[in-house]
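All remarks here apply to the structure that follows.
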Amino acid sequence: MELLAWLLYAYQFLVLYYFAVLNFLYATFALFGLRMVARYARELSELSLKDLLEREAYLPVSILVPTYNEEKTIAASVRSFLALRYPEFEVIVVCDGPRDRTLEVLKEAFRLVRVDWVFKRALPTKPIRGVYRSLTYPNLLVVDKENGGKADALNAGLNFARYPLFCGVDADSLLDPEALLRASRLFLEDERVLAVGGTIRPLNGARVREGIVEELRLPRGFLEKMQIIEYARAFFMGRAGWSAMNALLIISGAFGLFRRSEAIKVGGVPHGHSGGGHGAGGPPPPEGAGRGAGLPGPLYPGPHLLHGGPRRLGHLEAAAEPLAPGPLGGALAPPGHALQPQVRPPGPFGHALLLPL
Amino acid sequence: MWRRGERLYALLVFLVVALEALALGGLVWVFSGRLLGTFDYPMARLHLLRALFLTALALVVLGAYVLVYHAYTALKEARDKALYERYLPAFTEALFSGTKPPPPPWPEPALEALLHLREMLKGEMGEKVARWLRRGRPPWAFPLKSRWASHPERLEALEALGLARLPETLEAILSYLEHWDPVLRRAAARAAARVAQGKGVLHLGEALLKAGLPKGALLEALLLLGDRAEPVVALFLEKGGRGEVWAALEAIGRLHLHGLAERVLPFLEAEDPEVQAAALRALARLGYPPVGYEDVVLGLLRREEEFLRVHAARLLPLLPQNLARRALWEALKDPSFYVRRAAAEALASLDLELLRKAAEAHPDPYGRAMAAQVLREVAWNS
């Protein structure tokens, strides 16, 4: 009996010790993270974004939207991507062998016509069944392929992408109109940046019309409120703290901007990877985020961005230097022929910094 | 947007969580003592209650602060908005009717309104706003000189000075190009590029040479200089390292600095392939034929670096037409998808008939397919 009491006591001791250490870590992360948020709020100011646009110093972006059985949300999501405030981008929707009417909905909503398309199969994927272009949106391309999972769909999108940066998004997510501008700015400022992520907020409670977020509000339900708090903690304290220490390991699958050539160099997204918050594949989800798929409502990648510098990660040393955006200056970036073994998904490209609205 | 009081907020969050960690640490210590028989039960209970009290107190303080913070900032924002809306029409009216502006001292929102006017208006009107800004004695130079200002305050000040475009503030901004923090150095480069006038432009160029900024940031500074960039670009070409030369070549093309086109040509033979690629891009953007360097451009088509072959193919239409046609036909056989693509696009701009022929009869099946694809796109876009 005494032994049992002692064991229970020791257990309590362990629990206390665990929480003491955890809280100390949270405190440290809060200090680093909030400092980072305050600083990046100034660095990515309205003026710096305006200059980026007016001086045409931006890098064009390919938005990759892997989708599977999303007939109800796909048209609104694609509309929101097409409405982004960015001067040069293309949207590539990859229908990953859907069993519902996803492709038909897209055909009707965007007046798609089938076209012959020559592309470089830089990454192996399941066979492509057809390529469609929109009669109303010249920068929209829809790829229909056999089902292979989100990673396979992203790799297929990468094969079709034309621009030096690509942005992986979930088909049930909405992007802040300035998300791309803010994220892409960091690639311009530092050629070592390989990947930029964003903060994600559940849309529950927000007022959305035609894929545009008109007003952010708190949801009514207790659990949904807690989810928003947990997302905020995960991104503003957890991620921001990690990023301040140059130690961020992942970028959310719901919104991440990468250098295309570097992603192809490491073999694209490894097959079988679970992927971001809601979709069928991609980089691993953030702690506390993404796994909330059970709760209703899409994710809303906010304006807070993550910024990665690869130099501190050994396996990307080789990828950092020669394929900086320079050589192609905003046009086609040739992927390297010598593919490295698949190290990890695009997420671990580098550390990150959290950026606020 | 992030608001005032943030440092206190961050500190408070840290203190509260640290206090909780401390309380839990204390409990660990006391419970360990109890386990080893050092503390008796009443002592352990006392410590447990103290820990609970401390945690509750910390949470109450944080909660109260958050509520007060939000109430205060909401109030302040409403007041600032009202002031801004009062001053902006007053300044605009004074500007256009020639009457006197409201007398200083002006509150912060009034200065913000002036900054917005300064950003919008050029020429004489802009200068008038600049004179008013000087009269208003804006406080932005202080955080730059203060030892105690935070990084966000310095960033804010640099941005405001960039908007104000007061040439006399250039020296204060330039000193930040030597700052240890690259974020402040980049912000200073942007602000200085907006502010620099006359001789200040060359000062900025010299400071940028020593700033050790990444080439993207250098390019942005040059683009912000716009029509004032030429002396800085020339300086970079003459004295710059790899990054500066790359940025200068990019800027020549993007800003269409035709006066410097001749100086781009020697860089086609540079040792660094990225500099060579930048030179190719600059010439292509300017539409400047590489006279005397035709063999060099054709030689670049045989280089190992794929991106060099891509840019060389894009420049080929500026070579003598027969030479260009032959070279582009050959480039359609290139093993690289991207070089074939560039060659087909270049052929489309040079000779659409030859592209049609390539789509039907080019000996390389991949070249044929690429020519057909580009032909379809031309038809689609037209």
Checklist entry - Using Cα pairs under 8 angstrom and six or more residues apart, how large is the relative contact order of region B:93-145, in percent? => result 34
Item to check | Relative contact order [Cα under 8 Å, 6+ residues apart], chain B, whole percent | outcome: 6
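Which order do A:100, A:144 fall in if you start with the one that has the fewest other Cβ atoms within 10 Å?
Values: A:100 13, A:144 22.
The order, fewest Cβ neighbours first, is A:100, A:144.
As a footprinting exposure proxy, order A:252, B:97, A:80, A:173 by other Cβ within 10 Å, with the fewest listed first. Display every interim value, and only then the final one.
Working: A:252 31, B:97 8, A:80 21, A:173 26.
Fewest-to-most ranking of A:252, B:97, A:80, A:173: B:97, A:80, A:173, A:252.
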Item to check | Debye-sum result for region B:305-382 in log10 I(q)/I(0), which assumes one identical scatterer on each alpha carbon, at q = 0.14, 0.17, 0.23, 0.25 Å⁻¹ | outcome: -0.35, -0.53, -0.98, -1.14
Next on the checklist: What are the ³J(HN,Hα) couplings of region A:94-111, residue after residue, when phi is run through the Karplus curve with 6.51, -1.76, 1.60 and θ = phi - 60°? Round to Hz, x for glycine and proline.
Outcome noted: 10, 7, 8, x, x, 9, 9, 9, 3, 5, 5, 4, 5, 4, 6, 6, 10, 6
Checklist entry - Under unit Cβ charges (Lys, Arg +1; Asp, Glu -1), what dipole magnitude, rounded to 20 debye, does chain B have relative to its Cα centre? => result 1080
Checklist entry - Taking every residue in B:20-31, how many Cβ atoms of other protein chains lie within 10 Å of its Cβ, on average? => result 6
Checklist entry - If you take the charge dipole of region B:24-95 about its Cα centre, with +1 on Lys and Arg Cβ and -1 on Asp and Glu Cβ, which of B:67, B:49, B:36 is farthest toward its positive end? => result B:36
Checklist entry - Among the lysines, which have Cα under 16 Å from the Cα of residue A:107 when same-chain residues fewer than 8 positions away are ignored? => result A:72, A:145
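About the Cα centre, and with charges only on the beta carbon of Lys, Arg (+1) and Asp, Glu (-1), how big is the dipole of region A:116-200? Nearest 20 debye, please. Before the final figure, lay out each step's value.
Details: 11 positive and 11 negative charges, 73 e Å.
About 360 debye.
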Next on the checklist: As I understand it, the value is the acute angle between the Cα axis of helix B:273-286 and the longest principal axis of the Cα atoms of chain B; what does it come to in degrees, rounded to 10?
Outcome noted: 70
Checklist outcome for this item: Under the rule rounded for a/c under 1.5, else prolate if a/b exceeds b/c, else oblate, using alpha carbon gyration tensor axes a ≥ b ≥ c, the protein assembly as shown is classed as oblate
Item to check | C-alpha long axis of helix B:215-225 to longest principal axis of chain B, angle in ° | outcome: 90
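Where the only charges are on Cβ atoms (+1 Lys, Arg; -1 Asp, Glu), what is the dipole of the protein assembly as shown about its Cα centre, to the nearest 20 debye? Could you put the intermediate results ahead of the total?
Working: 88 positive and 78 negative charges, 207 e Å.
My answer is approximately 1000 debye.
Quick one: net charge around residue B:134, please, counting Lys, Arg +1 and Asp, Glu -1 for every other residue with C-beta under 12 Å from its C-beta. Walk me through the intermediate numbers first.
Values: positive: B:118, B:128, B:131, B:135, B:137, B:165; negative: B:127, B:168.
Here the count lands on +4.
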Item to check | Selection of GluC sites (Glu not before Pro), region A:135-193, meeting DSSP coil and at most 15 other Cβ within 10 Å | outcome: A:146
Next on the checklist: Need the C-alpha centroid separation for region A:49-75 versus region B:211-282, integer Å.
Outcome noted: 29
Checklist outcome for this item: Filtered pair list for chain B (Lys only, Cα < 15 Å, 8 or more apart or interchain) has a length of 4
Checklist entry - Of all trypsin sites (Lys or Arg not before Pro) in region B:120-220, which ones are in loop regions per DSSP and have a Cβ with at most 15 other Cβ atoms within 10 Å? => result B:122, B:147
Checklist entry - Can you list the HN-Hα couplings for region A:116-124, worked out from phi with the Karplus curve (6.51, -1.76, 1.60; θ = phi - 60°), rounded to whole Hz and with x for Gly and Pro? => result 7, 9, 8, 9, 8, 8, 5, 10, x
Checklist entry - Which whole number gives the average, over all residues in B:95-103, of C-beta atoms from other chains lying within 10 Å of the residue C-beta? => result 0
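Please compute the contact order of region A:1-139 in relative form: average sequence separation of alpha-carbon pairs under 8 Å and at least six residues apart, divided by the residue count, as a percent.
Details: 97 pairs, mean separation 25.6, N = 139.
That works out to 18 percent.
Taking every DSSP beta bridge with both residues inside the protein assembly as shown, roughly what % is antiparallel (nearest 5)? Don't skip to the answer; put the middle values down first.
On the way: 24 of 41 bridges.
Restricted to the protein assembly as shown, the bridges split so that about 60 percent are antiparallel.
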Checklist entry - Which of B:280, B:354, B:253 sits farthest toward the positive end of the charge dipole of region B:248-382, with +1 on the Cβ of Lys and Arg and -1 on the Cβ of Asp and Glu? => result B:354
Checklist entry - Once amide H atoms are built 1.01 Å from N in the peptide plane, which residues 5 or more positions from residue A:111, or in another chain, come under 5 Å H to H? => result none
Checklist entry - What Kirkwood hydrodynamic radius, in Å, does region A:27-138 give when the mean of 1/r is taken over all pairs of distinct Cα atoms and then inverted? => result 17.3
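Counting Lys and Arg as +1 and Asp and Glu as -1, what is the net charge of the other residues whose Cβ lies under 14 Å from the Cβ of residue B:361? Present the calculation step by step, with values, prior to reporting the outcome.
Numbers: positive: B:333, B:356, B:357, B:368; negative: B:353, B:360, B:364.
For residues surrounding residue B:361, the net value is +1.
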Checklist entry - If you plug each phi of region B:290-300 into the Karplus form 6.51 cos²θ - 1.76 cosθ + 1.60 with θ = phi - 60°, what whole-Hz ³J(HN,Hα) values come out, in order, with x for Gly and Pro? => result x, 5, x, 10, 4, 5, 5, 5, 5, x, 5
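Inside 10 Å of the C-beta atoms of B:178-184, what's the mean count of C-beta atoms belonging to other chains?
Counting other chains' Cβ atoms within 10 Å and averaging over B:178-184 gives 2.
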Next on the checklist: Can you find, among B:268, B:235, B:299, the residue sitting farthest towards the positive end of the charge dipole of chain B, where Lys and Arg contribute +1 and Asp and Glu -1 at Cβ?
Outcome noted: B:235
Next on the checklist: Compute the helix-to-body angle for B:41-97: its Cα long axis versus the longest principal axis of chain B, expressed 0 to 90° and rounded to tens.
Outcome noted: 50
Item to check | Range in chain B, longest, excluding exposed chymotrypsin sites (Phe, Trp or Tyr not before Pro) [loop by DSSP; at most 15 other beta-carbon atoms within 10 Å] | outcome: B:181-382
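Sum up the charges of everything whose Cβ sits under 13 Å from the Cβ of residue B:286, counting Lys and Arg as +1 and Asp and Glu as -1, but leave residue B:286 out. Intermediate results must be reported in sequence, preceding the final value.
Numbers: positive: B:254, B:263, B:281, B:285, B:314; negative: B:250, B:262.
Residues close to residue B:286 contribute a combined charge of +3.
Every number here is computed from the coordinates shown, using simple stated rules; none is lab data. From a predicted model like this one, the values you see are computed outputs, not experimental measurements. So basically every Cβ, Gly included, is an ideal-geometry build from the backbone, and we count neighbours across all protein chains shown.
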